[in-house]
Structure formats: C-alpha cells, structure tokens
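Read through the structure below, which is laid out as structure tokens, and then see the notes.
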Amino acid sequence: MLTELEKKIVRELQQGLPLVERPYQAIAQRIGLSEKELMIKINEMISNGMIRRFGAALRHQDLGFTANAMVVWDVPEERAATVGRLLAGLPEVTHCYQRPRQPGWPYTIFTVIHGQTRVQCEQLAKKMAEKTGVTNYKLLFSTAELKKSSMKYFID
Amino acid sequence: MSVDQTDKKLLQIIQSDFPVVQRPYEMIGRQLGISGQEVMDRISRLQQAGIIRRLGGLFDSRKIGYTGTLCALRVPEEEIDRVAQIINSYPGITHNYLRNHHYNMWFTLLAESEQHINSILNEIKEKTGLADILNLPAINIFKVRVNFNLSEVKHAD
C-alpha cells in the first residue's frame, strides 16, 4: 500500500508539472516537503516502478500516427508466453498482453500496433502471423474514440 | 498549429526521462540551444494545441494499488450514444473506443479492487440492459510502451 505522502505526490504529479522555473519547489511547498526531499521521492518512485514514465503524454494521432489496431491472436495457453514475448520484441508493437479465453472469444494474446495507414497495420499483422505461426487472428481498428482521459488516482 | 523541428526535438526529449533537477526547463533548453523560458512557452503552446495531453507522471496502476481490466460490449448501432454516455460517466473508465467487430465497444476500467470492478460491471449491465460483457483482465503483461520515435513522423502539421 502507498503511504499518505506517496498518495499526495501521485495526486500532484497527475495534475501536471507547473510551467515555472522550479516546478518541484512549487509542488513541494504545497505538500509540505523540501524541494530536495520531493526530488528524491520522485526518483525513488521512478526506480521502484510506481511511476512508469515521467514526462509528456502525447496525443499521437496529431503527429502522423493515424492508424492503430488492436490485433488479437488465438494462441494456445501453453504457447502464450513464448508468442507474447516474441511479439513484444517488435518495435511496432506498443502493448502486448495475455488475457483469458472466454466462451465465444478465442483470442488470448492482445497486441496494439501503430502505423500511418490501415494497410501498413495489415501488412505488419501478416508479418507477425508468419513470425509466430499463429493463423487465427483479427485486426480491430478503432472507428471512433468515445473517451480518452488520464486516470485520476486517489481522488475519492 | 505547425510543429517545427525544435518542437519535435523537444517532444522527443520530454516524452520520457523528464529531468528531475531544480531547473528542468533550463536544462532541456541547454540541450536545444534555447532558453528555459522558451521551453516553457513551447510546452504551453503544445499543450494548448492538445499535442501534449499531460506533462507529469504516468503511473503503473498495479504498483500503486489499482487493478484494471479491458472490457468489450456488443452494442446495437442505434444504442451507441446512450450506452457510451453510461460507460463514460465512470471516472475509472479512461478509454472507450468503437471497433470493427461484433463486440464493438471496448473500454478500459481501473478501480481500487477487483470487487469494485465487478460491482461497476454489474451496474453497467443493469443500466444499459446489455448483459453480454467480455471482462478480459490481463494475465501477463509482455509490453507497455507509449513512446514514439518522432523523427519518423512525416506530416506533423
């Protein structure tokens, strides 16, 4: 479990870093720490993995990556780890997860790939299929974004 | 808005490993040959244009005690707006997309416990009247990466 102090830091850092000369000093003042203590704490949370990435979250669709596809793969459970790691190794794959098989849903490996066109994504998926030998797969393109927001933790 | 070469380099730098030093903007500015003030001005402009969604910490939800899942629903075409309104009203649902599949609405859900996740899903079933929800929590995570190599981007404007 997180300490109250860590929760406070999470609440602050998810608001965004202030655009002032010494942003850590500004945050530290609000939560009753010294600038140095806060910087040490942030570094600690980066190295223990609580902070997965420290920096700017971009809206990549505005920057030329116009097609993203979720590609789902029907991989037998005993091969899932091997195939998962293989696909995760490709630079075009930004996310790779194993999820449970369910009635009416045979797909166990989920990858997200980004390309500049749909055709590029389709070609890439074909290459991934050849590499893994998995023949039953589907590309799910997003046709509309209904919501995209940053999670706000520890607000209630 | 137009994004120039300096903006692209700036974005590349601040996407990950934003410096944790007393004067981070000044430090980034030195790498780009501009002042700390100009770095702040550029970031502010890129935020206003919506290119930077957020500058700060991206947390590993599991490591800070949250549990998450990916869900999919079959929603009849004429019901999409009504159902989306219900789904999107939950703060723990951060992403919701329509996709080209008979399971056409896909959303992610984060909450502080599995129990809380199940109660939200039950609520959604009741409110929408749609019982067929796929609940697909991750069993294994092989990769989560959201950085892009911006130098490959051709049409940035």
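The values are calculated or read from the model by the stated rules, or taken from the named source; none is laboratory data. Computed from a prediction, not measured in an experiment: that's the story for all the values here. The area values use the complete protein model at the heavy-atom level, side chains included, leaving out ligands, DNA and RNA. Shrake-Rupley method; radii C 1.70, N 1.55, O 1.52, S 1.80 Å.
Heavy-atom accessible surface of A:CYS121, to the nearest 10 Å², is about 0 Å², with a 1.4 Å probe and all protein chains retained. Residues B:ASP7, B:ASP81 ordered from highest to lowest accessible area at a 1.4 Å probe: B:ASP81, B:ASP7. Of A:LYS148/B:LYS63; A:LYS8/A:LYS152; A:LYS152/B:LYS63; A:LYS7/A:LYS147, which ones are farther than 19 Å apart at the Cα? Result: A:LYS148/B:LYS63; A:LYS7/A:LYS147 exceed 19 Å. With Rh defined as the Kirkwood radius, the inverse of the mean 1/r over Cα pairs, the Rg/Rh of region B:1-85 is 1.18. Just to compare against my own numbers: the Cα pair-distance distribution for chain A, 5 Å bins, whole % per bin, please. Percent of pairs per bin, in order: 1, 7, 14, 15, 12, 11, 12, 11, 8, 5, 2, 0. Ignoring aspartates and glutamates fewer than eight residues from B:LYS8 along the same chain, the ones with Cα atoms less than 17 angstrom from its Cα are A:ASP62, B:ASP17, B:GLU38, B:ASP41, B:GLU152, B:ASP157. Taken as Cα centroids, region B:1-71 and region A:107-138 sit 30 Å apart, rounded to the nearest whole angstrom.
Under a 5 Å amide H cut-off, with hydrogens placed 1.01 Å from N, B:ILE93 pairs with B:LEU110 among residues at least 5 apart or on other chains. Rg of the Cα atoms in the protein assembly as shown, relative to 2.2 N^0.38 Å, amounts to 1.05.
In terms of overall dimensions, region B:61-137 has a Cα radius of gyration and Dmax of 12.0, 39 angstrom.
In chain B, the inverse of the mean reciprocal separation of distinct Cα atoms equals 18.7 Å; this is its Kirkwood hydrodynamic radius. Along region B:75-92 the Karplus relation, 6.51 cos²θ - 1.76 cosθ + 1.60 evaluated at θ = phi - 60°, assigns HN-Hα couplings of 10, x, 2, 6, 9, 4, 4, 5, 5, 4, 4, 5, 4, 5, 6, 8, x, x Hz to successive residues, with x for each Gly and Pro. The aspartates and glutamates within cross-link reach of A:LYS127, meaning a Cα-to-Cα straight distance under 12 Å and a gap of 8 or more places when in the same chain, are A:GLU92. Would you mind classifying region A:4-48 by shape? Square roots of the alpha carbon gyration tensor eigenvalues, ordered a ≥ b ≥ c; an a/c under 1.5 is rounded, otherwise it is prolate if a/b is larger than b/c and oblate if not. Rounded is the answer for region A:4-48, as its axis ratio a/c remains below 1.5.
Of the whole protein surface, B:HIS102 contributes about 100 Å² of accessible area at a 1.4 Å probe radius. In straight-distance terms, cross-link reach from A:LYS131 covers every one of the lysines whose alpha-carbon lies under 24 Å from its own, apart from those fewer than eight places away in the same chain; here that gives B:LYS143.
Quick note on region A:67-141: its Rg to Rh ratio, both from C-alpha atoms and Rh being the Kirkwood radius, is 0.93.
Highest GNM mean-square fluctuation among B:LYS63, B:LYS125, B:LYS143, for chain B modelled with Cα contacts below 10 Å: B:LYS143. Projected onto its three principal axes, the C-alpha set of region B:5-49 covers 27, 20, 18 Å, listed from the longest axis down.
Computed from Cα positions, the angle between helix B:5-14 and the longest principal axis of chain B comes to roughly 60 degrees. Taking every protein chain into account, the 1.4 Å probe leaves A:LYS126 with about 120 Å² of accessible area, to the nearest ten.
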